[in-house]
Amino acid sequence: MNYLSPVCLLRATAMAAFCFLFSVAASAHETDTVAITDSILQSTAKAKNIHRIELQITPSAILHTNPYLKGNNPEMRHMNHDWTYHLKYAFMPPERSYEANAYSGVYQGIGVAWHHLNPQLGNPVSVYLYQGAHLARLAHRLWLNYEWNLGLAMGWNPYDAVNNPDNKCIGSKVTAYIDADIYLNWRLSDHFDLNTGLSLTHFSNGNTALPNYGLNTLGLKVGLAYYVNRTEKSAEKANKQYLKPFRHHFTYDLILFGAWRQRGTDSGGDMFILPQKYGVVGFNFNPMYGINRWLKAGVSLDGVYDHSSNLYYDPSAATDDDGNSSYGYVAPSASEQMALGLSARAEFTMPYFSINLGVGHNMVNAHREFAGWYQTLALKLHVTPRLLLHIGYSLYNCKTPNHLMLGMGWRFGKLK
């Protein structure tokens, strides 16, 4: 049973566009002629981080991607609206620091949001990490910015076979919350900014529970941000400082990941959900070449064992303990549930976080469910310069949701 999530491809495309735009825009400021002087380093050591607190409201339209949202629900009504209210804290590097020069306007932090939806869906609360930065300066006090959010949304009214059988959107009380924004950043004063733009949001549990059509919204972001320790005078000076020369280099990330998932299947034209959960484990070995401070490119050797893959129907196992003829799908040998592939990778690198995009094809055991092309989207959190937390998702042929990739990794090679 395939639960399609069209926004997965849109989100990957949006993230790739953000990576490209930011790299091109930021490269215009790149210079490798003069290193940072000792005086700048000394002043940076004494400088304070900038703190940022934002209140944001996002009125959104729900995208009608499945019948439940179009009126196939107990109220027989279209579900059209979502109002989301955010409280966000972030910090920024000192305005004369290396990070402020290299990554214009970068900020990162934690946020909490309340989503006001139809009562049949629930009114979940999201807790998330986020990061943003300038894409381009449009005027003296006006920038084009991007931002991403990634976290958990809790408190849904999910699918229940008895009490809520029509809700095929949300299959669990907890889902992932994924958001990508592009917006105008208006600097009102040293202490206040006004932010207005577009916000694309996706809720999904990554096939850890079915059904899982997911929920997608497109909204208008309006936020007011307050800053501590920010001054326009020091910001103007920071924009004129030269950076250390960038040194092209290779890094090698080894990622180990695991997850769990649920499967659905078609039996005689009737769709039903298999009751058990299946384990997934795998690895990525990812050599990457640093093109500039913001962009890397390379390849990845990808291995996976998916205990839910290539299931087949065995009539002798079609009856459960109560005599109900419902199940009978069994796993093949372990060797038929393993695959090894090679993918092309691009990685957008920023302080603390990297966003990695991949497109690949299996080379070993590339048949049945392992045939075709696979895509990956992952966030790497830099716990230390070498230790990584990895949060990713895989799908097949740009349309079929596959599984989560939750793990850790280690970075080998030169770091700068």
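The values are calculated or read from the model by the stated rules, or taken from the named source; none is laboratory data. Since we're looking at a predicted model, the values are computed, not measured. For neighbour counting, all protein chains shown are included, and Cβ atoms are generated from backbone atoms with ideal geometry for every residue, glycine included. Heavy atoms of the whole protein, side chains included, go into the accessibility calculation; ligands, DNA and RNA do not. Shrake-Rupley method; radii C 1.70, N 1.55, O 1.52, S 1.80 Å.
Quick look at the values:
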quantity	calculated
Number of the condition not met by L198 [criteria: (1) under 17 Å from Y146 (Cα atoms); (2) in contact (Cβ under 8 Å) with a residue 24 or more places away in the chain; (3) open to solvent by 10 Å² or more (accessible area, probe 1.4 Å)]	(2)
Test: K296 is crowded, with 18+ Cβ neighbours inside 10 Å, of a type in the set (K, R), out of contact with any Cys (no Cβ under 7 Å at 6 or more places or on another chain) and at negative phi	yes
Exclusive hit being more than 21 Å from the chain's Cα centre (by Cα) and surrounded by fewer than 22 Cβ atoms within 10 Å (Cβ to Cβ), set E95, E99	E99
Considering residues of the range 27-62 that are open to solvent by 60 Å² or more (accessible area, probe 1.4 Å) and at pLDDT 90 or above only, the residue farthest from W114 (Cα to Cα)	N49
Output for the range 99-126, where each listed residue is part of a loop (DSSP other than H, G, I, E, B) and under 23 Å from S60 (Cα atoms)	L117, N118, P119, Q120, L121
Check on L395, assigned to a strand (DSSP E or B) and among the aliphatic types (A, V, I, L, M)	yes
Residues of the range 98-116 that turn out to be without any contact (Cβ under 8 Å) to a residue 60 or more places away in the chain and of a type outside the set (V, I, T), as a count	6
Hits in the range 102-116 (condition: open to solvent by less than 10 Å² (accessible area, probe 1.4 Å) and either among the aromatic types (F, W, Y) or modelled with pLDDT under 95 (or both))	A102, Y107
Tabulated pairs, the range 327-346, first more than 25 Å from V359 (Cα to Cα), second surrounded by 15 or more Cβ atoms within 10 Å (Cβ to Cβ) and charged (D, E, K, R), C-beta under 9 angstrom, 6+ apart or interchain	Y329/R263
Exclusive hit being among the acidic types (D, E), touching a residue at least 60 places away in the same chain (Cβ under 8 Å) and not in a strand (DSSP E or B), set D190, D166	D166
Contacts under 7 angstrom Cβ, first residue in the range 307-319 being modelled with pLDDT of 80 or more, partner among the basic types (K, R) and surrounded by fewer than 16 Cβ atoms within 10 Å (Cβ to Cβ), 6 or more apart	N310/R368
Test: residue in the range 392-412 that is out of contact with any Pro (no Cβ under 7 Å at 6 or more places or on another chain), β-branched (V, I, T) and under 20 Å from Y177 (Cβ atoms)	no
Options N185, N164, N145, N229: the member that is out of contact with any Phe, Trp or Tyr (no Cβ under 8 Å at 6 or more places or on another chain) and open to solvent by less than 40 Å² (accessible area, probe 1.4 Å)	N164
Top-ranked residue of the range 366-383 - restricted to ones that are at pLDDT below 95 and part of a loop (DSSP other than H, G, I, E, B), ranked as least open to solvent (accessible area, probe 1.4 Å)	G372
